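What follows is a single structure, written as structure tokens, with notes after it.
The values are calculated or read from the model by the stated rules, or taken from the named source; none is laboratory data. These numbers were taken from a predicted model, which means no experiment stands behind them. Heads up, the Cβs are rebuilt from the backbone with ideal geometry, glycines too, and the neighbour counts pull from every protein chain shown.
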Amino acid sequence: MKILRNYLLKEFFKVLSISIISLSFFYIIVDFISNMEAFTKHSPDFSYIILYFLLKLPEIIYRILPLSILLSTMLIMISFNKNNEITAIKSSGISMLKFTLPLIAAALGLSIFSFALSNFVAAKTNIERRIVMQKYINKNNNYSVKSIYKFKTKDIALHYQKYIITAKVLNISEKKLIGLSIYKFNNKFKLIKRYSAKNGYFDKNELIMNNVIINDFDKNQHRPSFAKIVKTTSLPIKLSMNFFKSYDLKSEFLSIFNLFKMLKVAEKTDSNLNLIKTFMYSKFAFPLINLMLVLIGISIGIIIGKKSGTSAAIGISIILAFGYWIINSIAISLGISSQLNPILAAFMADLSFLFIAIYLIADLD
């Protein structure tokens, strides 16, 4: 059994390496052609273009790994079947589950590798390649890491616990909210107080406001029943300037740790909560598809082994990859727009492919 295990894994990783190299090369060629105008417009040093793709390589490997795993699994199973090795294994009394168990274990290891690659490597290199693209290829000399995280600077509006906070302008250089209004509600969400301030800023665990008009509202909320003017006052609003950074970044620029931090703030403010949760759960869901695809690849490879060859494996792999992309894209969009539970949205494609894997495996001898 040890000999079979080593043989199986050796063949799998040999084909997997070839698949990753081939698909990565194809991906880079397509990306280069699609960005040709950007790469040539400002006549950058070609070394920066090479650096751009080197920095993008972790993301490329992360994205193509599922397809590479599926294709590699199908190809080696088809090869074993055509060479009657599957028949010999069955004749010796070894079940297909026992024979392919090392392959399934390898897929689990690759899922862990994929998760680590995305969160510990690709999230950083993706930011660095954006800087290379903007600063050295597009010749935007003022571009930096800070340029990536844009701030919302006008018409601020957010909900924090019992408060609704609005501001006309966010002054980044002075770290102040200008034209500030804060509405305080009771447990029944009835307005009880309004603070109108010239400006305000966050300091530790509170929001400090200057030149403030405070209005108390009567029980019916029809009109303010009392008003006073104070030079300075504060409220226990535990936010920071970082909260006003935009969430327009794609998930590929955010690690699971970034998303956890964003989630803590979002839970306080009920702002972008489903967006962040969907992105966060998808960080776990995407690597797990590698495990599902190995199960599917084993089953299809055995089923079509003697009837078809490499072209069929490539065709089926492309169809399955396209199917995964459609299901995942639709589910993620529904999760972000709050029409679907974020966990279900993130794992929808995985669950769909798990059902396919179970169905196909059940038909194997």
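Of all the listed residues (Asn186, Asn126), the sole one being of a type outside the set (A, V, I, L, M, F, W, C) and in the same structural domain as Phe12 (by TED's automatic domain parsing) is Asn126. Inclusion of Tyr48 among residues that are hydroxyl-bearing (Ser, Thr, Tyr) and surrounded by 20 or more Cβ atoms within 10 Å (Cβ to Cβ) is not warranted.
Remark: Gly323 falls outside the filter, which requires a residue to be under 28 Å from Phe113 (Cβ atoms) and more than 24 Å from the chain's Cα centre (by Cα).
For the range 271-290, the criterion of being surrounded by fewer than 20 Cβ atoms within 10 Å (Cβ to Cβ) and over 17 Å from the mean Cα position of the chain (by Cα) is met by at least one residue.
For the residues Ser311, Ser317, Ser338, the requirement of being farther than 21 Å from Ile86 by Cβ and of a type in the set (Ser, Thr, Tyr) singles out Ser338. The sole residue among Ile49, Ile60, Ile21 that is among the β-branched types (Val, Ile, Thr), in a helix (DSSP H, G or I) and farther than 20 Å from Phe115 by Cα is Ile49. Looking at the structure I just gave you, is Phe355 within 16 Å of the chain's Cα centre (by Cα), closer than 18 Å to Ala107 by Cα and among the aromatic types (Phe, Trp, Tyr)? Against the criterion (within 16 Å of the chain's Cα centre (by Cα), closer than 18 Å to Ala107 by Cα and among the aromatic types (Phe, Trp, Tyr)), Phe355 does not qualify. Does Ile89 count as in the same structural domain as Ser311 (by TED's automatic domain parsing), aliphatic (A, V, I, L, M) and closer than 24 Å to Gly315 by Cα? When the stated conditions are applied, Ile89 does not pass them. Being at pLDDT 95 or above and more than 30 Å from Ile358 (Cβ to Cβ) holds for only one residue in Phe12, Phe53, and it is Phe53.
Scanning the range 308-333 for residues that are surrounded by 14 or more Cβ atoms within 10 Å (Cβ to Cβ) and of a type in the set (Ser, Thr, Tyr) yields Ser308, Ser317, Tyr324. Checked against (1) closer than 29 Å to Leu97 by Cα; (2) at pLDDT 95 or above, Ala345 passes all but condition (1).
Annotation note: of Lys56, Lys124, Lys98, the sole residue that is basic (Lys, Arg), more than 30 Å from Asn186 (Cβ to Cβ) and crowded, with 16+ Cβ neighbours inside 10 Å is Lys56. Here Ile336 fulfils each of the conditions (1) farther than 29 Å from Lys98 by Cβ; (2) at pLDDT 90 or above; (3) of a type in the set (A, V, I, L, M, F, W, C) apart from (2). Within the range 24-46, being among the small types (Gly, Ala, Ser), assigned to a helix (DSSP H, G or I) and either within 14 Å of Arg63 (Cα to Cα) or out of contact with any helix residue (DSSP H, G or I) (no Cβ under 7 Å at 6 or more places or on another chain) (or both) holds for Ser24, Ser34.
Here Thr125 meets each of (1) assigned to a loop (DSSP other than H, G, I, E, B); (2) hydroxyl-bearing (Ser, Thr, Tyr); (3) modelled with pLDDT of 95 or more with one exception, condition (1). Report the residue count in the range 263-289 for those that are without any contact (Cβ under 8 Å) to a residue 60 or more places away in the chain, more than 24 Å from Ser111 (Cβ to Cβ) and either touching a Pro at 6+ places or on another chain (Cβ under 7 Å) or not polar (S, T, N, Q) (or both). Residues that pass the stated criteria total 5.
Taking the stated definitions as given, is Ile131 closer than 22 Å to Ile60 by Cβ and either of a type outside the set (D, E, K, R) or crowded, with 18+ Cβ neighbours inside 10 Å (or both)? Answer is yes for this residue.
The condition (being modelled with pLDDT of 95 or more, assigned by TED's automatic domain parsing to the domain that holds Leu354 and not hydroxyl-bearing (Ser, Thr, Tyr)) is satisfied by just one residue among Ala38, Ala105: Ala105. Looking across the range 168-194, just one residue is of a type in the set (S, T, N, Q), loosely packed, with under 13 Cβ neighbours inside 10 Å and under 13 Å from Met241 (Cα atoms), and that is Ser173.
A quick yes/no check of all residues on (1) touching a residue at least 24 places away in the same chain (Cβ under 8 Å); (2) within 27 Å of the chain's Cα centre (by Cα):
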position	(1), (2)
Met36	no, yes
Phe39	yes, yes
Asp45	yes, no
Lys56	yes, yes
Glu85	no, no
